[in-house]
Amino acid sequence: MELKKIRNDFPILKRKINGKRMVYLDSAATSQKPKQVIKEIEKYYENYNSNVHRGIYKIAAEATEEYEEARKKIAKFINAKSEKEIIFVRGATEAINLVRFAWAEKLRPEDEIISTVMEHHSNIVPWLMLKKKGIDLKFVEINDDGTLRMEEFKKLITPKTKLIAVSHVSNVLGTINPVKQIAKLAHENGARILFDSAQSVPHMPVDVQELDCDFMAFSGHKMFGPTGIGVLYVKEEVYREMEPFMGGGEMIKEVFLTNATWKDPPHKYEAGTPDISGAIALGYAVDYLEKIGMKKMKEHEKTLTRYALEKLSKVPGIKIYGPKNAENRGGVIAFNLGDIHAHDLATILDEQGVAIRSGHHCTMPLHSKLGVSATARASFSIYNTKEDVDELVNALNKARKVFGI
Amino acid sequence: MSFEMYQENILDHYNNPRNYGTIENPDIKFHDVNPLCGDEYEFQFKIDKNGKIVDVKFHGNGCAISKASASILTETVKGKNIREIKNLGRKNVLKNLGITISPPRLKCAMLPLKVVKVAVYSYLGNQKEIKEFEKEWDKME
Ligand SMILES: Cc1ncc(COP(=O)(O)O)c(C=O)c1O
């Protein structure tokens, strides 16, 4: 598909902000949605809205079929062995918390979890919550170029390490972590591995078997799907180590007043009525991504990132965080301009129709490592263009003028 | 192109903040942070025996909006009686800034007011007022 046609699929890109074309550079926070996905949500509610796994009637069967079909599409998309390995959740945050409650509950005092200082809060806070159970938390530091200090994994890992939880791609630095290598190290030491893939699955080909991960978390809304739906992938053999954490309808086989038995996974972990339209729409978002092709997504974003790094680095006073080379980073660029606060930058850019994110991007520990309280962040998806990058650079130069730097 | 929030007046206060610095032996001082953006300010006051603010200084770091707001606020409160701080609200701050603050930036503009209020109310031992202002603060978005 050509770029112009793709841009046309996203109705929101026609919006004007302050009379100017909206330049959306915050896809790392949430992606925009193509009409093919929006249409499916409407179609569900207008044609076959009904609960799943319950009704005998026609539209209930249709809803169940579509819902389970979405699971199959997602399984295939990340090359899971079976759709049983796909649990629908609310998003990456809930996915990681599911691991914390359904898997990590059984950890013993003095067991250890290794994570990294570059994680999103959603891959730190759930583990911090285990500290009161006596679980030890260790964090791998980063190098100056925003890559992980790989040698530290070897130093920190011990026979007591039960889990390594690491992001696939950093939502601030853009670093693509060598996750396959980390998974191998975890498994050699008898630990499980969790990837926070919220920033990788939407932007590049991801193969859970090739990476050999035990858990993978990602959010539908960052990959052209709606908010409120996401995925926890669990390697099938790992289900043996898990207990359900929410009880209720959908997840049970039989209930008596004295006890209950559970359905098989993944339904065992999907208590209550799920986000049916969200799951179905996510299935169609995956169709859309596959139609473009994940290789092409990655190539396009890499080209833009390379172009942006080159243009941005010429802006006087700019400091760019993370790897300098577009080859090993995702389409996320965090920066600061002189001593202008990131919020001021974002406001001035907004006045020119350029939407970027500012703040700590849910990575306070990373920001204290970087020695700043906030950064500005531009991030890309397939619908962004070189002109968008040019607009960003122009807007930054205007900000320099306003602030006299 | 009009940079609506970054008027000359705001940039002037940001680049040349009034009453910036510290006071020797202040009667009141208080420091607060907005963890969301890392803005942080300390305000210091010298109070005479009638409760009049005879001197006020602030220092800290933050965005242009919060720093300009802090600078303007020192000018507003200087010479006032500390009991008058109670009458100072969000409306006054916005009026003195003289710009339209977009909702996501409201807390930037209000952080200095929060510091001043908590400082003065604590000095007066007025816990109830602190709670009330903090409730209002939580609702600002
Ligand atoms: C790396 C990373 N992990 C986790 C999350 C959390 O995703 P969600 O808020 O959709 O649960 C995000 C999103 O901001 C992210 O960028």
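The values are calculated or read from the model by the stated rules, or taken from the named source; none is laboratory data. In this text, all values refer to a predicted model and were calculated from it rather than measured experimentally. Reconstructed Cβ throughout: ideal geometry from the backbone, glycine too, with neighbour counts over all protein chains shown. Ligands, DNA and RNA are excluded from the accessible area calculation, which covers all protein heavy atoms including side chains. Shrake-Rupley method; radii C 1.70, N 1.55, O 1.52, S 1.80 Å.
Ranking A:Y57, A:Y44, A:I176 by how far each Cα lies toward the positive end of the dipole of chain A (charges on Cβ) leaves A:I176 at the top. Treating each Cα of chain A as an identical point scatterer and summing with the Debye formula, the log10 of I(q)/I(0) at q = 0.07 Å⁻¹ comes to -0.34. Ordered by solvent-accessible area of protein heavy atoms (1.4 Å probe), largest first, the residues A:E66, B:E84 come out as B:E84, A:E66. Each Cα pair under 8 Å and six or more residues apart adds its separation to the average, and for chain A the resulting relative contact order is 22 percent. Over chain B, the hull volume per residue, using the convex hull of the C-alpha atoms, is 101 Å³. Against chain A, whose longest principal axis comes from its Cα atoms, helix A:179-188 is set at around 40 degrees.
Here r is the Cβ-Cβ distance between A:T273 and A:T385 and R0 is 41 Å; the resulting FRET efficiency, rounded to 0.05, is 0.50.
For region A:14-97, chymotrypsin sites (Phe, Trp or Tyr not before Pro) are listed when DSSP marks them as loop and at most 16 other Cβ atoms sit within 10 Å of their Cβ; the list is A:Y57.
Extension gain, A:L257 to A:L156: 0.36 nm times the residue separation minus the Cα-Cα distance gives 31.6 nm.
Based on every Cα atom in region A:138-267, Rg and the maximum pairwise Cα distance Dmax equal 17.4, 59 Å.
Roughly what % of DSSP beta bridges within the protein assembly as shown run antiparallel, to the nearest 5? Bridges in the protein assembly as shown are about 70 percent antiparallel. The GluC sites (Glu not before Pro) of region A:1-63 meeting both criteria, a DSSP state outside H, G, I, E and B (loop) and at most 13 other C-beta atoms within 10 angstrom of the site's C-beta, are A:E2. Basic side chains Lys and Arg get +1 at the Cβ, acidic Asp and Glu get -1 at the Cβ, and with that the dipole of the protein assembly as shown about its Cα centre reaches some 1040 debye.
The charge dipole of region B:3-139, taken about its Cα centre with unit charges on the Cβ atoms of Lys, Arg (+1), Asp and Glu (-1) only, comes to about 460 debye.
Of the residues B:L124, A:L396, B:L36, the one with the largest accessible area comes first in the ranking B:L36, B:L124, A:L396, computed with a 1.4 Å probe on protein heavy atoms. GNM on chain A, alpha-carbon springs under 10 angstrom: the most fluctuating residue among A:V201, A:V166, A:V125 is A:V125.
Charges only on Cβ, +1 for Lys and Arg, -1 for Asp and Glu: so what's the dipole of region A:38-291 about the Cα centre, in debye to the nearest 20?
440
Centre-to-centre separation between the Cα atoms of region B:21-89 and those of region A:1-48: 46 Å.
Measuring with a 1.4 angstrom probe and ignoring ligands and nucleic acids, A:R21 comes out at about 80 Å² accessible.
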